[in-house]
Amino acid sequence: MTRTFSLLALALCATPALAGTTFEQVKIDAGKALFEAECRRCHATDSKDPSYGPPLENVVGRAAGSYVDYDYSIALSASGIVWTPAALRAWMEDNDGFMPGTKMRHVGIDDRTVQDFILAYLQSITTQDNSAISK
């Protein structure tokens, strides 16, 4: 519980001045800060940035295991899963339980508010047609 409050405080402190900012933008900004704290050590959001794991730009709506330049586990490559918000939420919470045999290891993010913020950020860096974008 303390960890969740610390992460939320970090995320909210990293947001720009809130005057005139929509709640959705606050969620995106907080999600970006939480992504940086929880996910960035292994994942980039831009395919031009080096990262250990596959980049997550345009991840929402993308087939799991489909980023061309990454060597996925057989379990993930053969899963047939599409990264919907629900699938990403389940993955964040317990990727080993959601997809036994995956290569990724991390401490689960079980706080739904933190998941909501990270999902808002991931959706903000995803285009409908999965074309390249940068933020």
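Please state which one of Gly65, Gly101 is of a type in the set (Gly, Ala, Ser), exposed (fewer than 14 other Cβ atoms within 10 Å of the Cβ) and either part of a loop (DSSP other than H, G, I, E, B) or in contact with a strand residue (DSSP E or B) (Cβ under 8 Å, 6 or more places away or on another chain) (or both).
Gly101
Restricting attention to the stretch 68-82, which residues are assigned to a helix (DSSP H, G or I) and surrounded by fewer than 14 Cβ atoms within 10 Å (Cβ to Cβ)?
The answer is Ile74, and nothing else.
Can you confirm whether Gly31 is modelled with pLDDT of 90 or more, part of a loop (DSSP other than H, G, I, E, B) and farther than 17 Å from Lys103 by Cα?
For Gly31, the condition - modelled with pLDDT of 90 or more, part of a loop (DSSP other than H, G, I, E, B) and farther than 17 Å from Lys103 by Cα - is not met.
Please tell me if Asp49 is assigned to a helix (DSSP H, G or I) and surrounded by fewer than 20 Cβ atoms within 10 Å (Cβ to Cβ).
So Asp49 does not fit the description; no.
So, in the stretch 83-98, of the ones that are loosely packed, with under 15 Cβ neighbours inside 10 Å and touching a residue at least 12 places away in the same chain (Cβ under 8 Å), which residue ends up nearest to Leu34 (Cα to Cα)?
Among them, the one singled out is Asp94.
When you check Phe23 against the structure, is it surrounded by 15 or more Cβ atoms within 10 Å (Cβ to Cβ) and at pLDDT below 95, yes or no?
no
Got a sec? Which of Ala44, Ala9 is within 19 Å of Arg112 (Cβ to Cβ) and modelled with pLDDT under 95?
Result: Ala9 is the single residue among Ala44, Ala9 that is within 19 Å of Arg112 (Cβ to Cβ) and modelled with pLDDT under 95.
Would it be correct to say that Gln115 is at pLDDT 95 or above, surrounded by fewer than 18 Cβ atoms within 10 Å (Cβ to Cβ) and either assigned to a loop (DSSP other than H, G, I, E, B) or under 12 Å from the mean Cα position of the chain (by Cα) (or both)?
So Gln115 fails the test.
The values are calculated or read from the model by the stated rules, or taken from the named source; none is laboratory data. Just so it is clear, the model here is predicted, and its values are computed rather than measured. Note that each Cβ is placed from the backbone with ideal geometry, even for glycine, and that neighbours are counted across all protein chains shown.
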